Amino acid sequence: MAKVELSEDTGTGTEVVAATDLLIAVAVPVDPGQLREVATQALQGPGGESFSALRTVVAFPGVTAQEPTAEVGTDQASGSSLQFRPYTLPPGSPSRIPWLAEASTYQAIFALAKELGVSACAVIGFDLAALQSNFLTPMLAPVLEKRCELSMPLYAQGKFDGLLNSSILAPLTRALYGRRVRFPFAPDFCLSAKMIPELETALQRAAAQGQLLFWPSTEAALRDCGVCQVHVETRHVPAADGVDLATVLAQTVGPLFAEMNNNAPLWQRVRGSQPVTTSGVMVASPPDGPNADTTPMLETFQLGFRNLQEVWSLVLPPVSLLDLKRLARTSVDRFHMPDELWVRIVYDFALAYRLRTLSRTHLLGALTPLYLGWVASYALEVSNATPAEAEQRLEKLARAYEDGKPYLLSRWRWPDRFNP
């Protein structure tokens, strides 16, 4: 394993501020005992030699703003450079998806990072999977070596994994901000000390505006900071029990649409996209499970067409409604949603979100059957494809988002005029 070392410039000032080189912050509630065990093994056990010279603090949500500070104190083994510290987690909404960290969580993490005067900060989300895999060394290396300010992971996924990211989150942010970041909303990332004060200020502003999510790669694009991607072995399996698709769309796609509105002056000037530096050893995709059952998805799509036409007509132009009518009458074996249609649908829903054409909750609920129609179309198309071929298929979709951006610009600037 390559050793992570601080350059002379990177380490300057850390001893004066707080004698801390690295902050590893867990963004979701975890069992402190399990965290200590996993982190100690990862950072001080076999394979953790890279971090032996780094003074490291592992932070975790220990208390909330409504509770007194508990005596969870700092655990520091004799002679060890590894410390554990709880941070105060602002109270969140009980309706939030459990594995979805709010912007206020990152605000608390970055405030702690600035207080400690760290050289770099690694954020771990969802669970402790990133600490149980070869994640930190390759992710931190480009940040500590000043090759980029933000390091994002490239997860190895099966062709049916992460389809919400592949169909909306990643290609939309790529078309908007011109950076080809495969996982723009990744729960795990590393960033340099340079970005921390700027992000803390940005998150304070976001909290005042009621924004709930934090998009690392978007913030880096807004500040023209260097972004890189690193192949990692990490596999997250978020619990889906009790979380329906409409809620996931509302709490991920909704905030992305809100970001579009706030950042419109920037993304309207961006044309095309540029690749970001990629490093690390590509990890083999996990074996595919059985092909997805598309019948329930198509039934939901067809039911949506029958019951939501009035709602869709408030959002979509007549040409899109006509295309959807044809799709609703297509047999299962011939069902195919063209990329151009799907891209126009996403762009029109983003505009409707901005204009508050109808309740935003109802709007994103109306997007659900359309999304399932896209998933069914994709699943049918790649059922016999290899992971590499499926990835090429998603790259084609991402290019369609870029090619369709003039449509978005036209609709955004002249929202009262439906394009034929």
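The numbers here are math on the coordinates, done by the rules we state, and not lab data. Note that the coordinates shown come from a computational prediction; the quantities given were computed from them, not determined experimentally. Every residue, glycine as well, gets a Cβ built from its backbone with ideal geometry; the counts of neighbours run over all protein chains shown.
In percent, what relative contact order does the chain have, based on Cα pairs under 8 Å that are 6 or more apart in sequence?
Relative contact order for the chain comes out at 16 percent.
Using 1/(1 + (r/R0)^6) with R0 = 41 angstrom and r between the beta carbons of Ser313 and Gln274, what's the FRET efficiency to the nearest 0.05?
That gives a FRET efficiency of 0.60.
Taking R0 as 51 Å, what FRET efficiency do you get between Ala208 and Ser52 from their Cβ-Cβ distance, rounded to the nearest 0.05?
FRET efficiency, Ala208 to Ser52: 0.75.
Among Pro29, Pro153, Pro290, determine the one that fluctuates most according to a GNM of the chain built with springs between C-alpha atoms less than 10 Å apart.
Pro290
Per DSSP helix of 4 or more residues, -39500 (n - 2.57); summed, then divided by the residues of the chain. What does that give at 222 nm, rounded to the nearest 500?
Rounded to the nearest 500, the figure is -14000 deg cm²/dmol.
How do His236, His362 line up, fewest other C-beta atoms within 10 Å first?
Sorted ascending by nearby Cβ count, the order is His362, His236.
If you look for lysine pairs in the chain that are eight or more places apart or on different chains, how many of them have Cα atoms under 16 Å apart?
Within the chain, the lysine pair count is 5.
For the range 374-379, what does the Karplus curve 6.51 cos²θ - 1.76 cosθ + 1.60, with θ = phi - 60°, yield as ³J(HN,Hα) per residue in whole Hz, taken in order and with x for Gly and Pro?
Whole-Hz 3J(HN,Hα) from phi for the range 374-379: 5, 4, 4, 4, 4, 4.
Expressed as a fraction of 2.2 N^0.38 Å, the rule-of-thumb size for a compact globular protein of N residues, what is the C-alpha radius of gyration of the range 295-413?
The value comes to 1.07.
Which semi-axes, in whole Å and largest first, does the equivalent ellipsoid of the range 179-303 have when worked out from the alpha carbon gyration tensor as the square roots of 5 times its eigenvalues?
After scaling each eigenvalue by five and taking roots: 29, 22, 16 Å.
Would you grab the residues whose amide H sits under 5 Å from the one on Asp188? Only those 5+ places off in sequence or on another chain, please, with H modelled 1.01 Å from N.
Gly125
Rounded to a whole number, what is D in µm²/s for the chain from Stokes-Einstein with the Kirkwood radius over alpha-carbon pairs (25 °C, 0.890 mPa s)?
Estimated diffusion coefficient is 108 µm²/s.
As an exercise, find the ratio Rg/Rh for the range 93-238 from alpha-carbon atoms, using the Kirkwood inverse-distance average for Rh.
Ratio of gyration radius to Kirkwood radius for the range 93-238: 0.93.
Taking H as built 1.01 Å from N, whose amide H comes closer than 5 Å to the amide H of Tyr87, not counting residues under 5 places away?
Residues meeting the criterion, in which the H sits 1.01 Å from N, are Phe60, Gly62, Val63.
Compute the length gained on full extension between Leu355 and Ser331: take 0.36 nm times their separation in residues and subtract their Cα-Cα distance, giving the result in nm to one decimal.
Between Leu355 and Ser331, full extension yields 5.1 nm more.
Under the rule of at least 5 residues apart or a separate chain, name every residue whose amide H is placed under 5 Å from the amide H of Ser279.
Residues meeting the amide H criterion: Gln229, Val230, His231.
³J(HN,Hα) across the range 209-217 via Karplus (A = 6.51, B = -1.76, C = 1.60, θ = phi - 60°), whole Hz, x for Gly/Pro?
8, x, 6, 9, 10, 10, 10, x, 5
From the phi angles alone, apply the Karplus equation (6.51, -1.76, 1.60; θ = phi - 60°) to the range 172-183 and give each ³J(HN,Hα) in whole Hz, x where the residue is Gly or Pro.
Whole-Hz 3J(HN,Hα) from phi for the range 172-183: 5, 5, 5, 5, 6, 10, x, 10, 8, 9, 6, 10.
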